[in-house]
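J.: The structure that follows is given in the form of structure tokens.
Just so it is clear, none of the values below were taken in a lab; they were calculated from the coordinates. Note that the structure is a prediction, hence the values are computed from the model and not measured. As a convention, Cβ positions derive from the backbone with ideal geometry for all residues, glycine included, and neighbour counts pool all protein chains shown.
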Amino acid sequence: MSMTLRQVTYLRNLVADQPAFRALGDAGLYFAHTEDIGTVKGGRVLYSPEDFVSARNLLTSRGFDVAVPSEPGARSMAPPGEPEKWGALRVSHDMVAVVPMSIPGLEIPDGSMLCMDYRKALALPYQVLLFCENLEPMRLIHSYEWLSTFIKGRPALALFRGAPGFFRTEVAHEMVTQDARPTLAFFDFDPEGLSMAASLPRREALCLPPRARLESAVKAGRRRDLYFSSVEQARSHLQRLPGDSEVVQAWLLMNSLETGLDQEHFPRMESPLAICEDVYAMAGTQNSA
């Protein structure tokens, strides 16, 4: 009869620790009743030296190593007789998702992304790192033409922040920490997004659509939930920032609207003329203030 990873781990720990008893649980109860390993007494399972020998023999007879693995490894390093997924690191453990932008010799189709070890991503010849909160906008990064005003014609690498279940946020942040190149913050227009952008190391710019287009899209999207879901958590951080920072200016606009906007609904495919008009309009508003 096959055993689950939890059951195998339970037996390995019995052999390694040789406890006098364990609190009664599913694994202990299972082995006491089906393999006669341990004696159930009240809320505990009592163990004798003979039980540890039986546990070792059961592991070896089923083809499992007796020793508890020291640390997770690659699936290809699974011991003989064990499923490759047991105790293994996630395949994407040290990987990041990236989209190269105008990096010579590294062109990929629009809507695609590359997955690679973050150390190899660091070795790519980009000049600026575009840190992106969400995966779909990163895959479609070329459709946000107004980003060109921030990238300024430089070879750039868009990096996905990560999310539970596939690409780890810790790895993306490790890549940012080890890098020395300037960063561009591309986050949702909501309090949490602005707070994360404010904390991004070496931030050269906060990437938001031109103000007039942004305000129009925010009003059309009516995502008041994005604002109210994180405003209380982010407020204290954002209010401590220097008053002339671009994040604070975005924060003031957001507060006036009491509405957020997800990256997926940021405007796209803006013409250069429309961008210039918005930049001049925004400059005129700031000068009049």
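J.: Could you list which residues have their amide H under 5 Å from that of PHE21, counting only those 5 or more apart in sequence or on another chain, with H placed in the peptide plane?
T.: Distant-sequence amide H within range of PHE21: TYR47.
J.: Long-range amide H contacts for ALA158: which residues qualify at under 5 Å (H placed 1.01 Å from N, peptide plane, sequence gap of 5 or more or a different chain)?
T.: Answer set, sorted by chain and number: VAL99, MET101, LEU130.
J.: Okay, next question. Hey, what do the phi angles of the stretch 215-226 turn into as Karplus ³J(HN,Hα) couplings, whole Hz, using 6.51/-1.76/1.60 and θ = phi - 60°, x for Gly and Pro?
T.: Each residue's phi maps through the Karplus curve to give 4, 5, 5, 4, 5, 6, x, 6, 8, 5, 4, 5 Hz.
J.: Next up: Tell me, what HN-Hα J-couplings in whole Hz come from the Karplus equation 6.51 cos²θ - 1.76 cosθ + 1.60 at θ = phi - 60° for each residue of the stretch 141-146, using x for Gly and Pro?
T.: Rounded to whole hertz, the list is 4, 5, 7, 8, 5, 5.
J.: Taking a ≥ b ≥ c as the square roots of the Cα gyration tensor eigenvalues, with a/c under 1.5 meaning rounded and otherwise prolate when a/b beats b/c, else oblate, which class fits the stretch 179-249?
T.: Note, shape of the stretch 179-249 comes out oblate.
J.: How charged is the neighbourhood of LEU200? Take every other residue with its Cβ under 15 Å from the Cβ of LEU200, and add Lys/Arg as +1 and Asp/Glu as -1.
T.: With Lys, Arg at +1 and Asp, Glu at -1, the neighbours total -3.
J.: While we're looking at this one, here's another question. 7 Å from Cα along Cα→Cβ at both GLU258 and SER229: what's the point-to-point distance in nm?
T.: It works out to 1.9 nm between the two label points.
J.: Let me ask something else. Excluding HIS33 itself, what net charge comes from residues whose Cβ is under 14 Å from its Cβ, given Lys and Arg +1 and Asp and Glu -1?
T.: With Lys, Arg at +1 and Asp, Glu at -1, the net is -3.
J.: If you don't mind, there's one more thing I want to ask. Taking the Cβ-Cβ separation of LYS219 and ASP117 as r and a Förster radius of 45 Å, what is the calculated FRET efficiency to the nearest 0.05?
T.: It comes to 0.60.
J.: While we're here: For the stretch 100-288, what is the per residue volume of the convex hull drawn over the alpha-carbon atoms, in cubic angstrom?
T.: Expressed per residue, the convex hull around the Cα atoms of the stretch 100-288 is 126 Å³.
J.: What shape does the stretch 96-196 take by its C-alpha gyration tensor, where a ≥ b ≥ c are the square roots of the eigenvalues and a/c under 1.5 counts as rounded, a/b above b/c as prolate, and the rest as oblate?
T.: The shape class here is rounded.
J.: Moving on to the next point. Which ³J(HN,Hα) values, rounded to whole Hz and listed in residue order, are derived for the stretch 227-237 from phi using the Karplus coefficients 6.51, -1.76 and 1.60 in 6.51 cos²θ - 1.76 cosθ + 1.60 with θ = phi - 60°, glycine and proline given as x?
T.: Rounded to whole hertz, the list is 6, 6, 6, 9, 5, 5, 5, 8, 4, 4, 5.
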